[in-house]
Each structure stands twice: as structure tokens, then as C-alpha cells.
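Structure, as C-alpha cells:
The values are calculated or read from the model by the stated rules, or taken from the named source; none is laboratory data. What you are looking at is a predicted structure, and each value in this text was computed from that prediction instead of being measured. Positions of Cβ are backbone-derived with ideal geometry, glycine not excepted, and every protein chain shown enters the neighbour counts. Note: accessible area is taken over every heavy atom of the protein model, side chains too, but ligands, DNA and RNA are not part of it. Shrake-Rupley method; radii C 1.70, N 1.55, O 1.52, S 1.80 Å.
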Amino acid sequence: MHTHFNWNYEFSSPMLVANGVTGVREMWGDMDIIKDVRKQILIDALIAPDIYSAGAIVDGYPPFWPNSSGVKDAENARAEVDNQISEGVDFIKVYSLLTREAYMAIAERSNERNIPFAGHVPLSVSIWEAVASGQQSIEHLYGILEGCSENEKLMTPPFKKRLNIEWTNSLMDSFEPVLLDSLANYLAESETWLSPTLTVLKNIANLDDPDLIKDPRLSFMPKFIQETWNPVNDFRFKNSKTEDFEVNRKKFELQLSFLKAFERAGVKMIVGTDFPNPYCYPGFSLHDEMQLMVNAGMTNATTLKSATYNPALFMKKQDEFGTVEVGKTASLVLLDGNPLENIGNTKRISSIFLRGRYLDREKLDKLLEMAKVNAANAKNPF
């Protein structure tokens, strides 16, 4: 499950576990906090998923998000990779504003040091180049529309134009299904994975929907997070108009159509949601994501593999988990319905084994109640 976990584990862990999430991929971690969480897990002081973590986001200079690592050139980029490896990261997280020179230096250094790099396709390179460079995963379907345009000038957009509805319309107008098929085949033959995060794409396209603030799951979210989900409080969306959301909804429908082509070609996928982006709920949104994948035309079986077996392959830990076998980590979710018949049955959790610890339905419900209490008492760490 794709998340930003490091500052919120106390209130998010109960929700994650109660929803059957036994492992998370942390896309922006403070390694000191991650190491502390892992220690607490080892001594059974915290009921939490296993964590596979990046360190600070590696972005261009200045970076898009505060507290990211902004690198100015190839030398800075290589040094940042070395520094994060010394901190004990599992992979390097790359981001949108990296220059082409810095991105290629990260790719080269990561491959030299045998550590994965994953994240956004920077605006300075095409998705074809990102795959050729060995990027382990691509998030949010970024770079795909650009990579399937008949107009090569649209492949590497300047940042400001990427947020422009005219630019988005140009991308959609120049979209070539034949290029999508070629890209799908190229991805399938590569070692690059996709984490579509349809949940966050859908939510961002529908931030003007008043029903979002009626979701009963908001009771699990601290007030300060709920406030950040209001688009008027988010610098990315505060100036958005009705037409912006309409164009983004049209773009999202087009993006949904990619999934069937990717499954048909055999593209490798893992499930992600991208909490704490707007209306992405720890644990709960994993089930939303799988439902969206099925709605997009993927089979239930492929979707389930993307949330269970595929993450083990992705992390090269298939000897530890991903299937039910003697000698593997005893993390298992038991359901009261067959998800191959209805993907919604993934929400019908009767009990969970978490690294051998048995949690029945009563204990899972207590975790959810704990999550509500934690949310009510949570203080803004920022």
C-alpha cells in the first residue's frame, strides 16, 4: 500500500491493520522514525504493518514540497543517493522537478549501488526514458498521457503548463491508443512496475463534490488533516475553477481506460492509494483502489495479485511473504466472502494473522475504535 506513513503511525496503524493491510510502502520517510517503528514492531509494542521505506523525496531545486531533498545538479544527486543509502533506505524516491541531468545521475548511481529508485516521472524526461533508465515503479500513471502523444513537444511539459487545463486538453486531444499499446508492451517487457493510485486521481478530480465531506470515514481523520483536504487550504487546488475539475474528470476517465490495456499486455502492477492526499483513508482506501481497478476493466484475480503476491515480487521478498507456505511470515487475511466473485468481499474481514499474532473481529473492531480516539486526540505535528 502506497502511503506517507512516518509522522502518523500511531493513528494510522490501527486503521491499516483493521483493514487487512499487513505491509506498507512508505514514499516519504524519516528513517529515524521508521527505525523506531520497526523496533516497536519487533518487541510487539505496536500493532502495525511492516514498512518498506524511502527517505526524503529527492526533487529539483527548489523542491515542490518543503523538507524534501532538493538537488541542483548531477554531483548533488549522486551524493544524495549515497547519503540516503547510508541512512538505511529501502529505495530512493524521485520527484517531478528533477532536472534531466540530476535524474540520470540518480538512475546511474542507484543502479551502481544496487538500490531501487521509484516515484514520479520527472517532467524533464519521458516515461519511455524513465523505463529505459531502470526506474522500479511509476506512481499515479504519470508520464503516460505525455508518452502516448503524437506530438513529441508534449512529452516533457514545463511544470506550470502541466497544471494548465489547456495543456491537459492538448494531451488528451493528441492521445494515440496505438502508442498506449506500444507503451504497455514496452512496460511489460521491462522491470518497471506501475502503482496507478486511482483513488487519489479520482479524489483530486472530484474535490468540488460536496459528498466527499459527508464520508463517515472522516471520523477516523484528525481535524488538521481534514482541514488540509479542503481545496481552499491546499496551494495546489485553491485557485481551481469548475472547468479545471471538469477537465480533470475527463482525464481520469481516460486514465481508467489504460488499466485494461496494461493488464492485457502483462504490465506489472501494485496497489497504492497515496494517503494523506485528499480523502485517501489509511487501510479503507486500499479497498476503494481495488474496486476502481476492477471498475476499470481489470479482472478480480489480477487486482488481488496486485495487492498481495505482486508486492512480494516487487520488493524481491517472495521468499518471506506473498503466498501461504510453510516458513513464510505468518501474515494472512481471512474473509467471509470470495473476492474472486466480488472484489468488494475484500472488506468482509473476519480475522487477521499479523506476523503470527491472531486478531479476531472483536479485536479488529477495537482497533478501529482506537483509531477514532487517536484521531480525536491527534495534534498537528507541522
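Listed values [x] 17.8; [y] 18.8; [z] 23.8 include one computed from this model; for mean projected area of the Cα convex hull in nm² that value carries the label [x].
Over the Cα atoms of region 38-103, what is the Rg over Rh ratio if Rh follows Kirkwood?
Working: Rg = 14.5 Å, Rh = 13.0 Å.
We get a ratio of 1.12 for region 38-103.
Seen against the Cα atoms of the chain and their longest principal axis, helix 284-295 is set at about 50 degrees. Subtracting the Cα-Cα distance of residue 324 and residue 215 from 0.36 nm times their residue separation leaves 35.7 nm of extension gain.
Taking the average, over residues, of other Cβ atoms within 10 Å as the packing measure, peptides 261-269, 353-361 rank 261-269, 353-361 from highest down. Past the 20 Å Cα-Cα mark, which pairs from 35/305; 35/93; 268/305? Violating the 20 Å Cα-Cα cut-off are 35/305.
Only protein atoms count toward the accessible area here, which uses a 1.4 Å probe; on the chain, the carbon and sulfur part of that area reaches 50 percent. In the elastic network of the chain, a GNM with C-alpha springs shorter than 10 Å, the most mobile of 242, 299, 168 is 242. Its alpha carbons considered, region 2-77 gives a radius of gyration followed by a Dmax of 14.4, 44 Å. Which angle from 0 to 90°, rounded to the nearest 10, does the C-alpha axis of helix 177-189 make with the longest principal axis of the chain? Roughly 60 degrees, rounded to the nearest 10. A Gaussian network model of the chain, with springs between Cα atoms under 10 Å, assigns the largest mean-square fluctuation among 42, 367, 201 to 42. With the gyration tensor restricted to C-alpha atoms of region 1-127, the semi-axes of the equivalent ellipsoid amount to 29, 14, 12 Å, longest first.
Let me confirm the definition first: pairs of Lys residues in region 205-262, 8 or more apart or on different chains, C-alpha distance under 18 Å. How many are there? Numbers along the way, then the final one.
On the way: 214/223; 241/250; 241/251; 250/260; 251/260.
Lysine pair count for region 205-262: 5.
Length available on full extension from residue 379 to residue 355: 0.36 nm per residue minus the Cα-Cα distance, which gives 5.6 nm. The residue 173 and residue 309 beta-carbon pair, evaluated with R₀ = 45 Å, returns a calculated FRET efficiency of approximately 0.70. When the chain is treated as a GNM with alpha-carbon contacts under 10 Å, the residue of 182, 124, 12 showing the greatest mean-square fluctuation is 182. Hydrodynamic analysis of region 217-360 uses the Kirkwood radius over alpha carbon pairs. Inserted into Stokes-Einstein at 20 °C and 1.002 mPa s, it gives a translational diffusion coefficient of 122 µm²/s. For a straight C-alpha distance cut-off of 18 angstrom, the lysines reachable from residue 153 (same-chain residues fewer than eight places away being disregarded) are 161. The residues of the chain have, on average, 45 Å² of accessible surface per residue, using a 1.4 Å probe with all protein chains present.
Charges at C-beta only: +1 for Lys and Arg, -1 for Asp and Glu. How large is the resulting dipole of region 225-382 about its Cα centre, in Debye rounded to 20?
On the way: 22 positive and 19 negative charges, 57 e Å.
Charge dipole of region 225-382: 280 debye, to the nearest 20.
Computed from Cα atoms, the angle from the helix 100-113 axis to the main principal axis of the chain rounds to 50 degrees. The distance between label points at residue 340 and residue 44 comes to 3.5 nm (points 7 Å beyond Cα on the Cα→Cβ vector). Farthest toward the positive end of the dipole of the chain, out of 285, 140, 88, is the Cα of 285, where the dipole comes from beta carbon charges about the Cα centre.
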